[in-house]
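Only the coordinates and a few stated rules stand behind these numbers; no lab work does. All values derive from a computational prediction rather than experimental measurement. We place every Cβ from the backbone using ideal geometry, glycine too, and count neighbours over all the protein chains shown.
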Amino acid sequence: MSHWLYLPELASTDTAAVLEDAEAAHAVRARRLRVGDVVCVFDGAGRTAAARISEVIKRPLEVHLTLEAQQHWAPPAARIHLTSALPKGDRQATMLDMVTQLGVTDFTPVNFERSVSRVGAGSQDRWRRVLIESCKQSQQPWMPLVHFPMDLGEWISSPTDDGVVNLVAHKEGESRNAVIEESLVGAKQVRLLVGPEGGLSESELAQLDHTQTTMVSLGGGVLRVEAAAVALTALVTRMLSDSRIGSRPDKGSA
């Protein structure tokens, strides 16, 4: 199994490429790769390529690659958009790492009345690094898109097309798999809503009562934000994978 490395300019690359900075350090110091080793490079937008390390320059650190034919992977049949309260501190990275491995395609932070964390300076850059590393770990050719924060009212009023399904994590929600599976039939996008650890307020629940959403129970206990996000994502990806063929390379990959 080849190590995966991130090469964002892959689409415009012919037969040679150079890894620098953090990605070069990851290849040489963390993975201990050497000249002649074969790796897989990806751009996070569905494109991958096999590559062989042709040269390693130490100062400044550079890893030179010779690329073979590229493949472009079709996006998932249904987008899975996690819209969630933010957990505290490093738990944000834990959440994003795990849901990326599970196949989330989009992430939007949502501000609730009882939210305790907000998007801070530098959050986007830290999250992007987490997403890259998670894609490398799980060998996901598509990296999740991170959207601007919104509040619950904006989430509710966001325009949606046919085929959009809204699932909300709630301890008093639906627990029968058959009912949840039925709600996913024909879904083109599944929006997962996870509230803060203090729970949704009465006014927020009242707002959701007037929307087309399915409340989903994740068990009898009260979960942390990241645990609820991972549990709901895992439930949905399993149900979707039971009924759909996953991503395959497009015909005519180049």
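Brief remarks follow.
- With helices as the sole contributors, the chain gives -8500 deg cm²/dmol at 222 nm; each DSSP H run of n ≥ 4 counts as -39500 (n - 2.57), and the sum is divided by every residue.
- From the alpha carbon centroid of the stretch 17-35 to that of the stretch 95-158 is 26 Å.
- Highest GNM mean-square fluctuation among GLN207, GLN71, GLN101, for the chain modelled with Cα contacts below 10 Å: GLN207.
- Among the trypsin sites (Lys or Arg not before Pro) in the stretch 25-106, those placed in a DSSP loop whose Cβ has at most 16 other Cβ atoms within 10 Å are ARG31, ARG32, ARG34, LYS88.
- Amide H contacts of GLU113: SER201, each under 5 Å away and 5 or more positions distant or on a separate chain (H built 1.01 Å from N in the peptide plane; Pro and chain starts excluded).
- Principal-axis tilt of helix 123-138 within the chain, Cα atoms, nearest 10 degrees: 70 degrees
- Backbone amide hydrogens, once placed in the peptide plane, bring GLY46 within less than 5 Å of TRP142, MET143, excluding anything fewer than 5 places away on its chain.
- Helix 91-102 vs. the chain, principal-axis angle (Cα, 0 to 90°, nearest 10): 80 degrees
- Shown for the chain: lysine pairs separated by 8 or more places, or found on different chains, whose C-alpha atoms are under 26 Å apart, numbering 7.
- Most mobile of VAL18, VAL190, VAL165 in a GNM of the chain (Cα contacts under 10 Å): VAL18
- Take every DSSP beta bridge whose two residues both sit in the chain; close to 45 percent of them are antiparallel.
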